[in-house]
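One structure below.
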Amino acid sequence: MKVKNNKAINNLALSGIKNNIKKYALLSIAVILTTLMFSSFFTIVGSILNELQLASMRRAGGSAHAEIKYLCQSEYDILKKDSKFKDISYRIVVGFVRDERLKKLNVEVNYFEPLNAKGSFCYPEEGRMPEAENEIVLSDLTLKELGVPKEIGSEFSLDLLIGNEVKTYDFVLCGSYRGDPISFAQQALVSEKFQQKYAPVKQTSFFEETDFNYSGYIMADINFRNSFNIQKKLDKLMSRTGLNNSNSGVNWAYMTSSIDPLAIVLMIMFLAVFFFAGYLIIYNIFYLNIISDTQEYGLLKTIGTTGKQIRQIVLRRASLLSLFGIPIGLILGIGVGAYLLPVITEDLNTVSFDKGKVHLNVWIILLTVVFSYVTVIISSLRPCKNAARVSPIEALKFTEKLGKNGKPKRKKVIVILSLSLALVVLNSTFGILSGLDLNTFIEKYTSVDFSIQDAGFDNPSMISYGIGVDNGFWEAANEQDSIENIGRLYFEFEEDTPYCFDDITWEKIENRLLKTREARERIEYSNRYNPNFDVNVFIENLNKTKSLEGKLYGMDEFVVSKLDVIETLDGSDKIDMEKFKSGKYVLLNRFNYNGSCYNALDPGDKVLVRNKRPEYFKPKYFAQDGTPYIFGAYDEAPLEEYEVLALVEIPLPIERHSYYSYDFDCILPPDEFLNICGDRLPERVLIDVKNESEEEFETWIKDYTENENDNLSYISKASVEEEYKSTRKTIISIGFVLVVILSLIGLLNYANTIIASIMVRKREFAMLEAVGMTGKQQIFSMVREGLGYFVWTAIVSTVLSTVVNIFILRNLMDGTAILIWHFTLLPLIICLPLFLILSALIPVASYSVLNKKSVVERLRVE
Amino acid sequence: MLANRTIVRLEEMLDDAIEGTFVEDKYDESRMSRLESRWKDFLSNSVLSNKNLETERQRLEQFISDISHQTKTPMTNIKMYSTLLSEEVSRGEDASLEKIRNYSSEIEKQTSRLEFLIESLTKLSRLENGTLSLSAKKEDTNKLIRTSISAIESKAALKNIKIILDDDNGLTSLFDMKWTNEALVNILDNSVKYTPEGGEIKVFTESFEMYNAIHVVDSGPGISEEEAARIFGRFYRGNEVKQEEGIGIGLYLAREIISKEEGYIKVVPNNKRKGGEIVVYLRK
Amino acid sequence: MSILEAKDLKKYYGKDETLVKALDGVSLNVEKGEFVSIIGTSGSGKSTLLHMLGGLDNPTSGKVIVDDKDISDLKGDELCIFRRRKIGFVFQSYNLVPSISVYENIVLPIKLDGKKVDKEFIDNVIDTLGLKEKVNVLPSKLSGGQQQRVAIARALAAKPAIILADEPTGNLDSKTSQDVLGLLKTTGRKFNQTIMIITHNDEIAQMADRIIHIEDGRIIENK
C-alpha cells in the first residue's frame, strides 16, 4: 500500500505552471503547434478516407455492412429472427426500367423499406415515399434523362421489365432524390401496393427456381454493431441461420485495403516529420525549463521529494499543458484542415456531393489527441529524467554556479536540427513545385488540343457499351476551318477472347514478361481485391491457354502519329504508315510498370486476334424466354494473324484508363479494327487545331456539346492547364502551411535557446560589464553565438536537402507521371541570408530586452 | 498473504518497542514505512516523557537540596548573631548598645535575605512546575522598565550609580507585567551589584520585527564568553564579585520567566564590548 | 536521549595528490531537545558535515545515526524519504518553492508524505512565527527575514527528529538575523525540537546551548 501524496504532487505541478505562465506559455505554444500539425493532418486524411468510403458506398449503392440477395419470404423471416446484428432492412426487387429514353441509364425498380432507402442513398429529399399504387420516386438524373419536370405530381409513363415481360405503366411522381453519377444504378422507388400487385414476394427459394427472374425476391441489408471483420460476422450469421451463403456479400466499401501503399508511406513520412518537429521543440523548451528550474527541483529533493515524485511533477506539468494545448491545437488544426481540404480534394478522383467538406469523426479527434499526447510525453521523458536526477547538493550550490554552467551540446544539436527541418521541407516543397512544369504537364496530359468523347465515358451508371462519338459530330467537326488534324480512336476489350500466340512467341512472352517481378506485382495489384488470388495459379493458367487479355485500339493515322515509338520493324524511328494501313500489321504497347519497361515481343513477331464480327457470334447462354446472353460467344470465331510492326507507348491522354494486368495492348488501323470487331462508333475523336485558333474552336465545341449534342464532352488543353494550376495550388498550400509551422518551430526553438543562454549568463554578463566589457561587446558575443547556429544550420540543411533531393524526391517524382526531378537548392540560397539576419537579430533583441536593469541590480540577482 | 505479512511486521515492531530496540526497517513510499516512522516518533516521545518525569523528580530533589543549601548560611548567621546578641545582652550593664544594634540589624538582614530566598525559590518552583501560569498580553514596555527601575533606584543611589533611561517610544510587547517586572528587577539588581561605586547603568529599548529588546548595559566588569553560558545557571555568581552580597537565583528566575513568555535573554560577552550587557527580548 | 550521532565520519574527495579530506573522523552526539551550534571557518568542512548529517550525501566512511537508524547506507529515494520524515532544513538561501503559497510551502513535507495536516499544530507554528497574515501569499512577496521564518515553519511543521540550519542568517542583515535566531531558539524550546545551527559567526553560535568547533574536517572543541 502506498501513501497518498498525489495531491501534493498535483498542486506542485499546477502552481509551478500558474506562477511561471510566461515560461510555460512558450511550451503551450509548442504543444499547440504540434497538435495543430497532427490535427490538420488527421482532419485531411480522415476526411479524404471518409469521402472515399462514402464514394465507394454510393458506388456500391448502400451503406449497410452486408447484403443478402434474393431471399424468399421464409428465408427473410429466419434471418430477421437473428438478433446479433444492429439492424436489418429490406427492399423487394420489382424489375428494371426498359425505356427508350433511359437507354444510357441503368435504373432498377424496387419497393424500399424507408430504412433501406436511407441506407441506399435514395430516400426522397423532396416529397415522400410512395404510398398509392401509381406513386413513384426517381432520382433527378433519371428525371432529367426522361425529360420529366422535377415536380411532385408530374405524371408520366415508363416501360418496365417485370418478371419476363416489358409493359408500360403510368406513374405520378411523389418524390425525388439526388442521384449520384458515380453509383452503378439509379433507383426507381415504387409503392408496396405496386410491388404486391406486380411482383409478389417469392415463396420458394432462389436456388429452387429455374428461371432468371428476380422479381419478388427480397434483398436484405444488414448492419452489424461495428464494422470490424464484417466477413466473419456475416459467415457466422449465415451458418447460424443455415441460409445459403452464396448470395451474401460484404459491402466492398468496407474493405479496408483501398489506400495504396505509396499514400501510406507518404502518410507515415508526414507523421514522422510532425512527430520529429514536435519532439524537437517540446523537448528543447522543456529541457531549458528544467535547467532554469534546477534549483527548485534540488530544493524539493532536500526537503524529501523523491526522484520519482519529481518525475511525476514534470510529467504532470506536461499533461496539464496538454490538457490546455491539445484542445486549442485540435480546433486550430481542424480549421487549417478545413482550409486545405478543398484545395487537396480538388484533384481527388471522386465525384460526390460533399467533396472538400470536413468529415469530423471520433477517430480524427482520438488519433490527434493520442499522437499529440504521446509526442508530448515522449518529448518530456528525458527532461523528466534530468529533473529527477538533480542532486540536492548541486542545487544548493547552483546559485553560485549558474554563470559557469554552459549550454549543453545536445540542445544545440536540437535547435540546429529543428531549424534545418524547416529549411529542408521548404527546399523539398520547392523541389516538387519546380518539377511541376506546365509544359511537361500539358504534354503528358494532352497530346492533342482537344479530345471529344461520350459524356457517359467516365460515368459508371451510364450504359456506355456501344456508344461513342456519333457521325454527326464527325461531319460537323470536319467542317471547322480551325481544325488542322483530326483522328478517331476505337476501342475494344480483349477479355473472354484474348490474344493468342504460337508456342515460340509465347515462350518469349513468358520469359520476357511473365517471369519479371514487375509483371507479377502488377498482376497482384490488379487483383488486390480478391482475397483468394494466387499469382502462381494465375500465370499457370495463362501458360495453359497461351493467351493474354488486353485492350485493342483502332487508330487513325493522326492518332498513331502521337504515339511514342520505341522500336520498329525497319529500325527507323517512324512507323511506316503505308504498311500499317495495309491491315496486316499491329502496333504493340510496351509493358511499363512504375518506370520498369519490358518488351514482351519484338517487331516481326506474330499476334493472333479473335475476329468478333457479328456473324461469328455463337450464343452460349440463354434466358428462360430464349433470349441469348452476350458473354463468351466468340470462342469458335477465327483468329486473325498480325505481324508486330512496332513497339510503342501510348501517351496517357490517349490511353484508355482501365488497367489490365500487363498492358498487352494492340493497335490496328480503323478499317481493320471495324473489320474484326464489328461496326461501331469511335470512342473518342482527337483534334489538333491551327495555332491561334484554339479559342475559336473551343467556343464552337463548347456550344456544340452543350446545345447540339449534350451526350458529348470534351477535354481541352486549357482545361488541363486549369488542372495543372490546381495541382500546383495544392502543393503550394500544403508546402506553405508546413513551412510556416516548421519555421515557427525552428525559430521558436532558436529564440528560446538564445534567451535561455542569456538568462543563464545574466550574472556573468553583469560581472563582465562591471570589469569593463561594454554592452556592445556582449551583444557581439551573443551574435557570434547566433552565427554559430547559423553556420551549422546552413551546413546541416544543405547536406540534408541534398540527400532528400537526390534520394527521396528523385524516386518519388520519377514515380509520378507529371513531375520531373531536377536538383535544386535555390530556396536554401534565398532563405539562408534571411536566416542569417534573423540569427543575428534575435540575440540582439533578446539581449536588449533581458538586460535592461543596471549592472548593480543584475550583480545582485538572487 | 499481504495482510498476514503486515500483521507479522506489526508484531515485530511491538516486540522491538517493548525491548526498546525498535528501528525503522526502510524508507519508502509504502504506508508500512510511514507507519514505522511514526511508530518510532511515538516511542521517542514516550521515552522522552518518561525522561521528563525523571527530570521533574530530579528537579524536586535539587530544589530541596537547594533550599537546605541556600538557607544554611543565613540560618547559621541568624543563629550566630542570636547567640552573640544574647551573650551581649547577658552582660547586663556592660553590654555595648552599638553591638546589640549591630547584631540585631544583622539578624534582620539575614532574615530578609532568608525571606527573599524562600520567596524566590517558591516562585521558581511554581513557575517550573507550571502551577503558576503567566498571562502574557500586550503591555507597555516602557511602563515595565520604569516600574523595574524604580524598584532598584534606592539601591543604586546608595552606590551612587546613575541610571540612564532612553525611553522615547511607546513600544508594546507580549508579557506578564508582574512577573516580567520581577525578571527585569532581578537583572537590574544584578547590574547594580556588579557596577562599581559611581558607575552608570544604561537602559534602552530596541524594536525588531518579531521582538522588542530591552538592553541593560552597565559599567561593571562585564561577563566573559566563558561565563556567558553559565551565568543563567541556578545560584551562579560571578567570579569577580564573590565578595558582593546576593544570590545567583535572580538571573535564573529571570530567564525562566522570559522563556515562559516566548522571549529570550542574551548576554553580550565582554570581549565584544566594555562592561556588562544583558538583553531581554520580548515577543511583540 | 541521543537523537543524532556521528561516528568517525569521513568524507574524501578526489584521490592521490588531489585528495581532499573534507571530513576527517568527526564524531559527535546530539541529545533530544538540544540547541547545538557548529562553528567553523569557510572550508572547515562544516557544510560537508551538514550534508552528511542531513542525508544529502553519503560519507566515505563512518556512520550517521539519526533516531537510532543508521542512514549511511541509504541511497537515492530512500534518503529523500528519510529527509522528508526526519530532517528539517533551514538554508541560507531560504529555498522555498517559489510557485506555491507560504502555507503550501509549510505543509509540503507533510503532504509529500501523504499525511494529514495537523491543523492545530500548524496554526500554532504559523502564529508563533508571525506568519498568520502571510499564509496565502507567494514567497517572492516576502522579505528575506519573513522567507526564512517560512523556512523555519516548514522545518517545524513536519515534526522532524532534528532541524539543521545552514548559515540561516547568512543572507540577512543583523537586525533580521537576531529575529530569526531568536525564533529558532524560542520555537525549538516551545516545540521541543532539536536544532543544530551551522555558522561561521561566533556571536550566533553563542545563542546555542552547546558549541562544536570544527576546523580542517575535525572537531577541535566541543563544549
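The values are calculated or read from the model by the stated rules, or taken from the named source; none is laboratory data. Just so you know, these numbers come straight off a predicted model, no measurement behind them. With ideal geometry, Cβ positions are generated from the backbone for all residues, glycine too; neighbour counts draw on all protein chains shown.
Numbers at a glance
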read-out	value
Residues of segment A:566-583 satisfying the condition of being surrounded by 15 or more Cβ atoms within 10 Å (Cβ to Cβ) and over 14 Å from A:GLY554 (Cα atoms)	A:ILE566, A:GLU567, A:THR568, A:LEU569, A:ILE575, A:ASP576, A:LYS579
When residues of segment A:108-123 are limited to those that are in a helix (DSSP H, G or I) and without any contact (Cβ under 8 Å) to a residue 60 or more places away in the chain, the one nearest to A:ALA199 (Cα to Cα)	A:PRO114
Selection within segment C:142-186 - charged (D, E, K, R), touching a helix residue (DSSP H, G or I) at 6+ places or on another chain (Cβ under 8 Å) and part of a helix (DSSP H, G or I)	C:ARG149, C:ARG154, C:ASP179
Segments classed as strands (runs of 3 or more DSSP E), wholly inside segment A:139-217, with at least 1 members that are loosely packed, with under 15 Cβ neighbours inside 10 Å and in contact with a Phe, Trp or Tyr (Cβ under 8 Å, 6 or more places away or on another chain)	A:155-162, A:165-177
Members of segment B:197-229 found to be assigned to a loop (DSSP other than H, G, I, E, B), without any contact (Cβ under 8 Å) to a residue 40 or more places away in the chain and closer than 18 Å to B:GLU153 by Cβ, listed by number	B:GLU197, B:GLY198
Count of residues meeting criterion [within 21 Å of A:GLU494 (Cβ to Cβ), surrounded by fewer than 16 Cβ atoms within 10 Å (Cβ to Cβ) and of a type in the set (S, T, N, Q)] in segment A:527-563	5
Residues satisfying the stated conditions in segment A:503-545, i.e. closer than 19 Å to A:ASP665 by Cα and part of a loop (DSSP other than H, G, I, E, B)	A:LYS515, A:THR516, A:ASN527
Yes/no for C:GLN206 being within 14 Å of chain B (Cβ to nearest Cβ) and buried (at least 23 other Cβ atoms within 10 Å of the Cβ)	no
Any pair with Cβ under 7 angstrom, 6 or more apart, that starts in segment B:28-49 at a residue that is within 14 Å of chain A (Cβ to nearest Cβ) and within 19 Å of B:ILE7 (Cα to Cα) and ends at one that is hydroxyl-bearing (Ser, Thr, Tyr) and assigned to a helix (DSSP H, G or I)	B:MET32/B:THR6
Test: A:LEU645 is touching a helix residue (DSSP H, G or I) at 6+ places or on another chain (Cβ under 7 Å), modelled with pLDDT of 75 or more and surrounded by 13 or more Cβ atoms within 10 Å (Cβ to Cβ)	yes
Matching residues, segment C:187-205, being in contact (Cβ under 8 Å) with a residue 24 or more places away in the chain and either touching a Cys at 6+ places or on another chain (Cβ under 6 Å) or part of a helix (DSSP H, G or I) (or both)	C:THR187, C:GLY188, C:ARG189, C:LYS190, C:ASP202, C:ILE204, C:ALA205
Single residue of segment C:137-151 satisfying the filter (within 11 Å of chain B (Cβ to nearest Cβ) and within 14 Å of C:ILE126 (Cβ to Cβ)) that is surrounded by the most Cβ atoms within 10 Å (Cβ to Cβ)	C:ARG149
Answer residue from segment A:7-17, given it is surrounded by fewer than 17 Cβ atoms within 10 Å (Cβ to Cβ) and more than 8 Å from chain C (Cβ to nearest Cβ) and is nearest to A:ILE313 (Cα to Cα) among those	A:ASN10
Test result for A:ASN20, modelled with pLDDT under 80, buried (at least 18 other Cβ atoms within 10 Å of the Cβ), within 14 Å of another protein chain (Cβ to nearest Cβ) and farther than 30 Å from A:GLY329 by Cα	no
Pairs, first of a type outside the set (S, T, N, Q) in segment A:692-711, second in a loop (DSSP other than H, G, I, E, B), C-beta under 6 Å, six or more apart	A:GLU696/A:SER482; A:PHE697/A:SER482
Count of residues meeting criterion [in a loop (DSSP other than H, G, I, E, B), out of contact with any helix residue (DSSP H, G or I) (no Cβ under 9 Å at 6 or more places or on another chain) and either free of Cβ contacts under 8 Å to residues at least 60 places away in the same chain or within 23 Å of A:LEU243 (Cα to Cα) (or both)] in segment A:43-94	3
Enumerated strands (runs of 3 or more DSSP E) restricted to segment C:23-128, each holding at least 2 residues that are surrounded by fewer than 24 Cβ atoms within 10 Å (Cβ to Cβ)	C:35-39, C:61-66
Verdict on B:ILE18 being among the β-branched types (Val, Ile, Thr), under 22 Å from C:LYS115 (Cα atoms) and surrounded by fewer than 11 Cβ atoms within 10 Å (Cβ to Cβ)	no
Residues that are away from chain C (no Cβ under 11 Å) and among the acidic types (Asp, Glu), drawn from segment B:10-27	B:GLU11, B:GLU12, B:ASP15, B:GLU19
